[in-house]
Amino acid sequence: MAVLVGAVFALSFVCLSFILRLYHVVKTGSTCKPGAAGPVSVLVVAGSGGHTSEVLRLMESLSAAYSPRHYVIADTDRMSEEKICSFERSKHSGSESQFTVCRVPRSREVHQSWSSSVVSTLSALRFSVPLVFRLRPDLVLCNGPGTCVPLCVAGLLLGILGMKKVLIVYVESICRVETLSLTGRILYPVSDYFFVQWSALRDKYPKSIFLGRLV
């Protein structure tokens, strides 16, 4: 009985320590200023279809200081890599373009059941953690694809372990007028900067930042 009580106490202590550390990492994130100490390594999560088009429009407004740029796409995405390469060639023509394209398993396919999506998300996390730990980006930029959740979790884990603070910047899709996407609802509490493109969402979610239409 004493062993069981000790195990429960130890597990409770570990969980509490993890939660407190996560709270500290999230709360201190807003004091970090990207680019204050030189180039900003950015990990960009590109979803298929409209998500990729929107995030590339966001990338158009970033200066060359955001380098290197690591784009991450789902392993079943057959179109985004070509769009990314075309964008990089046009955006950084005449200069050395420092970017990579990486693939991870998709967290959830369209119309996939919730029960099976738990398994696929854990599989994506298994690939995302070593990728993020290897790249060690300063900033993760995402705009809604489910693939970004395990990548953001991996970024948070870097901070929780005291290895590096990774800023999480989330931009909700322009098509979300009155409600957040599922990904947005998951990442809203832990994002350092959470942008919405409609004032109705800003009124519902006080932490969000409304600057009008971004894409």
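The values are calculated or read from the model by the stated rules, or taken from the named source; none is laboratory data. In this text the structure is predicted, and so the values were computed from the model without any measurement. Positions of Cβ are generated from backbone atoms using ideal geometry, with glycine treated the same way; all protein chains shown enter the neighbour counts.
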Inset, instruction - Could you tell me whether region 191-212 includes any residue that is assigned to a helix (DSSP H, G or I) and in contact with a helix residue (DSSP H, G or I) (Cβ under 7 Å, 6 or more places away or on another chain)? - result: no
Legend entry - Residue check, Leu125 over 23 Å from Glu60 (Cα atoms), touching a helix residue (DSSP H, G or I) at 6+ places or on another chain (Cβ under 7 Å), surrounded by fewer than 21 Cβ atoms within 10 Å (Cβ to Cβ) and at pLDDT below 95: yes
Inset, instruction - Give me the pairs, please: first residue somewhere in region 87-102 and closer than 18 Å to Ser61 by Cβ and at pLDDT 75 or above, second residue anywhere and loosely packed, with under 10 Cβ neighbours inside 10 Å and of a type in the set (D, E, K, R), beta-carbon distance under 6 Å, and either six or more positions apart or on two chains. - result: none
Inset, instruction - Can you confirm whether region 67-84 contains a residue that is β-branched (Val, Ile, Thr), over 17 Å from Gln98 (Cα atoms) and surrounded by fewer than 20 Cβ atoms within 10 Å (Cβ to Cβ)? - result: yes
